[in-house]
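Take a look at the structure below.
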Amino acid sequence: MLKIRPIINGEKKELDLKDPLETLLDFLRRHHYVGVKEGCRQGQCGACTVLVDGRPVNSCLYLAIRTDGKEITTIEGLGRPGNLNFIQQAFLETGAVQCGYCTPGMVLSTRALLDKNPRPTEEEIKIALDGNLCRCTGYVKIIEAVKLAAQKLKNKK
Amino acid sequence: MMDEKIKKFQEVNVSKIKVDGPALVSGQPSFVADFFVPNMLWAKVLWSPYAHARIKNIDPRPALKIPGVKAVLTYKDVPRIPFTTAGQGYPEPSPYDSFILDNKVRFVGDRVAAVVAETEEIAEEALKYIKVDYEILPAVFDPREAIKPGAPIIHDEKEATTALPLKYEPQRNLCAHVDMQVGDIEKGLKDADFVLEREYDIHYGNHAMIEPHITTVYFDSNGRMVIVTSTQVPFHVRRIVARALNIAVQNIRVIKPRIGGGFGGKQEVLIEPLVAALAWKVRQPVCLKYSRAEEFVSGRCRHPQLIKLRTGVKKDGTITAIDMKILMNNGAYGAHALTIICNSGSKVLPLVHSENISFWGDTVYTNLPVCGAYRGYGATEAYFAFGVQMDEMAEKIGIDIVEWYKKIHIREGETSPVFAALGEGRAGVEQKITSCGLDKCLELGAKEINWSEKRNQKKTGRFRRGVGMVALMQGSAIPEIDMGSATIKMNEDGSFNLLIGATDLGTGSDTILAQIAAETLGVPTEKIIVTSSDTDLTPFDVGAYASSTTYLSGQAVLKTAQKVKQQILNVAAEMLNEPAENLTIENGIIYGKSGKVTYQEVALFSLYEKNQFQIVASDSHIVHKSPPPFSAHFAEVEVDILTGKVKVIKYVAAVDCGTAINPRLAEGQNEGAVLNGISYALTERYIFNERGKMLNPNFDYYKIFSTADLPEIKTILVPTYEPTGPYGAKSISEVGINGPCPAIANAIYNAIGVRLYQTPFIPDKVLEAIKKAGIK
């Protein structure tokens with residue numbers, strides 16, 4: 001059986017691949033990282049966003065085999081109920097979560113943005129989240145959430 | 001009066017964090033696809049490549065030979081019982097014209113057969129080996145042609161029928177009909193100084209919820225069927241699956257976990273009967289999930305409508321006649337055929353006063369994708385016609401449209417004859433308006449968009465800006481039909497289980513219902529543990545549709561909590577040895593003259609000490625009216641006269657939803673509806689080829705707005721107090737989607753002087769109109 005060794009949420013793993021063409025989306029979900037969501041399998045909706053070496057990717061179009069030796073961050077790696085991270089907290093406080101299906105992808109795209117650019121303008125936020133579709137919120141509160149997360153980050157420093 | 005009431009609230013009218021929020025924001029297993037059932041098999045469906053054909057012969061044997069394939073179902077393997085996929089109350093007003101699988105296909109994307117296999121890949125591969133011999137039949141795509149004599153008959157099967165005595169004539173593709181008269185329309189037109197008559201054309205739309213339809217069916221240790229499904233209507237799923245498979249309701253349990261958006265698309269019992277039939281066949285767990293393309297083609301859509309609207313108005317602005325005629329295209333099956341067209345009248349016509357009103361509608365079958373419930377539910381379509389015509393008429397009589405709406409709209413204490421005349425598939429229910437904040441919505445919205453200045457500014461150059469507006473209403477639940485119920489029980493630590501059939505599809509209803517329970521019980525919302533939408537565990541609720549949950553299920557929760565509170569007081573009275581009437585509750589503590597006891601002490605006493613019993617109550621609620629939320633929408637657009645591209649610069653939606661139980665969630669409902677509406681007005685559309693096939697079933701070519709497209713959206717909540725709602729609340733979920741089509745069309749007119757009567761306002765159509773008008 002083909003195995004790969006990614007670092008998932010900071011943990012070194014050795015996990016089997018179903019086949020060499022298995023997508024990162026299917027690979028992660030099969031190994032019970034179900035926070036990553038399937039929305040279109042065409043790289044158009046962003047629900048399957050995870051971070052590979054800190055960069056957001058559509059895991060539905062990304063082969064799992066490419067993550068051998070790389071760092072993968074999924075939503076499970078950010079925080080759990082009772083111990084949420086500041087971005088997740090900001091999404092809750094602003095009402096940016098409705099059905100929650102796009103949320104993991106949105107939060108991870110936000111994480112990638114703030115890692116690179118801790119004080120983004122509204123335009124920069126809109127561009128960073130452009131690949132993540134949401135049908136519930138109209139994005140108003142999501143953008144507010146990213147701004148609040150940036151504020152929280154600033155206060156932490 | 002109103003402010004006083006609102007001030008007293010502790011737990012409602014507060015932006016609490018969603019009770020399911022921490023799990024959702026951290027990706028905990030919450031959705032149907034997140035639950036892994038051992039030995040689960042996967043299903044795939046073979047879709048019709050033809051718009052209209054009879055299956056002469058179908059041979060699944062080659063597919064069955066593929067290793068890993070467990071079963072193939074065709075029409076020969078399922079009960080021939082007609083049902084409707086519309087998830088409505090019983091008896092459903094939609095025709096029974098669907099089978100789990102049939103020997104006829106009626107649109108490109110209709111079901112032919114289904115495969116169950118060990119993996120999705122094997123199931124997909126096996127589809128290619130099902131041999132089908134089709135007899136291709138003539139097809140019809142235009143509703144105007146479908147209703148003519150000699151058109152291909154789409155439902156020629158003898159079983160097609162209705163559960164209610166309704167006008168249903170499938171032999172001429174007539175799926176539903178409604179008409180209603182108030183006063184004398186001809187006289188009204190004669191009395192008018194101005195008469196306008198126009199035709200409007202509103203297009204197909206897709207819900208585009210990010211989680212496509214998905215259902216898993218398995219059997220519990222006692223052999224009962226468990227359906228875990230992404231639905232807005234768990235109790236209707238149970239009933240309709242039982243009918244379609246001819247099994248007892250008793251043997252079915254439906255569980256709705258978190259669901260990834262619905263917007264009406266999941267008010268449809270779409271795939272559950274098929275997955276249940278497959279699981280029944282193999283006696284093993286089966287999961288079927290739609291792909292994005294399947295969601296577009298074989299899911300459900302917004303009903304396109306052709307609307308003829310005629311209004312007569314006097315010079316002083318009095319409306320003397322409104323005459324609306326609608327031809328609605330339902331696609332190949334009749335889901336919501338009658339009720340949506342009824343709503344096109346009943347949620348629009350009462351907004352303004354007129355003594356003479358005529359409403360007429362035909363819904364017809366065509367060989368196109370199937371339409372169903374979609375946020376707005378017919379009102380969205382009719383408000384486009386109505387809102388644009390009102391704007392045009394205001395110009396004719398020379399009055400500012402905002403001022404005109406202020407003169408003619410329905411107000412508190414008033415009624416409309418339409419309420420009684422037109423209901424959902426039957427006569428309506430008379431009602432007086434008991435709360436209306438529309439004047440305030442008009443005033444605040446106009447101020448926010450800077451109406452008078454922008455409306456009258458000069459438009460020149462390549463990029464021309466304009467503003468437009470529309471006034472709106474919807475309803476709150478279906479009166480005398482919808483029912484919701486709740487159970488609340490007290491635990492020994494003073495926490496409470498709230499069990500509700502109501503269905504949270506991302507709207508936040510679990511949260512706001514917990515807030516209502518908490519407010520009534522006098523405890524923090526955090527003390528309420530919510531379990532919703534499990535037909536074995538929670539009491540009945542019709543489900544999440546018709547803007548009903550807050551108003552209807554909210555009141556059921558409130559009544560239940562009052563009963564529980566009384567039980568708590570009775571126990572406390574026994575403990576304190578004082579009459580219950582003397583006791584007061586504050587923050588989980590009961591005070592008497594002689595002392596106090598906490599909720600926890602009451603709970604422990606009731607469970608362990610003396611005269612033990614479980615503090616628990618249930619109650620149900622039906623509504624006798626459907627108080628409308630009101631809203632005023634204002635759009636500012638910029639039109640590029642060289643390319644025809646329309647850009648929304650700013651969008652203001654002022655909305656009266658009574659008391660907002662959770663203001664942030666209420667704003668979110670409005671913002672989501674508004675952006676969905678803007679995107680539908682400008683970019684979303686179905687492109688069909690001449691054989692009725694949708695050519696753009698993906699997010700690249702069916703464009704829904706992303707953050708980069710987002711205009712400035714401003715929600716203004718205008719508080720009123722609806723006396724029949726829980727803590728003064730009305731609905732909010734739908735009304736917001738009705739505004740963008742008319743408000744943007746009116747803004748385009750204001751910018752460039754061109755009226756658009758057909759949606760969506762895509763650049764080629766706008767440019768064509770610009771050229772036709774000779775604008776330079």
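Points worth noting:
- For chain B, the relative contact order is 15 percent, taking Cα pairs closer than 8 Å that sit 6 or more residues apart in sequence and dividing their mean separation by the residue count.
- Span from the segment B:695-723 Cα centroid across to the segment A:117-157 one, whole angstrom: 17
- The length gained on full extension between B:Val14 and B:Arg411, counted as 0.36 nm times the residue separation minus their Cα-Cα distance, comes to 140.2 nm.
- Which of B:Thr525, B:Met209, B:Ser547, positive extreme of dipole for chain B (C-beta unit charges): B:Met209
- Antiparallel bridge percentage (DSSP; both residues within the protein assembly as shown; nearest 5): 80
- The share of C-alpha pairs in segment A:3-77 whose separation exceeds 20 Å stands at 16 percent.
- Assigned charges on the beta-carbon of Lys, Arg, Asp, Glu; segment A:86-156 dipole about Cα centre (debye): 200
- Spread of Cα-to-Cα distances over 10 Å intervals beginning at zero, given as percent, for chain A: 12, 42, 33, 12, 1
- Bins of 5 Å, starting at 0 and running to the largest distance - Cα pair percent for segment B:405-454: 5, 18, 18, 17, 14, 10, 9, 7, 2, 0
- Centre-to-centre separation between the Cα atoms of segment B:616-633 and those of segment B:173-208: 28 Å.
- Taking the square roots of five times each eigenvalue of the Cα gyration tensor of segment A:86-156, the equivalent ellipsoid has semi-axes of 17, 13, 10 Å, listed largest first.
- Point-charge dipole on Cβ atoms (K/R +1, D/E -1) for the protein assembly as shown, about Cα centre, debye to 20: 1560
- Stokes-Einstein D for the protein assembly as shown, Kirkwood Rh over Cα pairs, 20 °C, 1.002 mPa s (µm²/s): 75
- Helices of chain B meeting both criteria, an alpha-carbon length of 24 angstrom or more along the long axis and an average Kyte-Doolittle score not below -0.5, with helices taken as full DSSP H segments, are B:379-397, B:554-576, B:663-682.
- Relative contact order (%) - segment B:457-515, alpha-carbon pairs under 8 angstrom, separation at least six: 18
- Toward the positive end of the charge dipole of chain B, with +1 on the Cβ of Lys and Arg and -1 on the Cβ of Asp and Glu, the farthest Cα among B:Asn611, B:Ile153, B:Ile516 is that of B:Ile153.
- Inverse of mean 1/r across different Cα pairs in chain B, Kirkwood, Å: 27.3
- Remark: relative contact order (segment A:86-156) = 52 percent; criterion is Cα-Cα distance under 8 angstrom and separation of 6 or more residues.
- Looking at segment B:250-321, the trypsin sites (Lys or Arg not before Pro) that sit in a DSSP loop and have at most 14 other Cβ atoms within 10 Å of their own Cβ are B:Arg283, B:Lys314, B:Lys315.
- Selection of GluC sites (Glu not before Pro), segment B:648-722, meeting DSSP coil and at most 11 other Cβ within 10 Å: B:Glu690
- Here is the list for segment B:138-220: GluC sites (Glu not before Pro) lying in DSSP coil, each with at most 16 other C-beta atoms within 10 angstrom of its C-beta, are B:Glu157, B:Glu159.
Each value in this text was obtained by applying a stated rule to the coordinates, not by laboratory testing. This is a predicted model, so every value here is computed, not measured. So basically every Cβ, Gly included, is an ideal-geometry build from the backbone, and we count neighbours across all protein chains shown.
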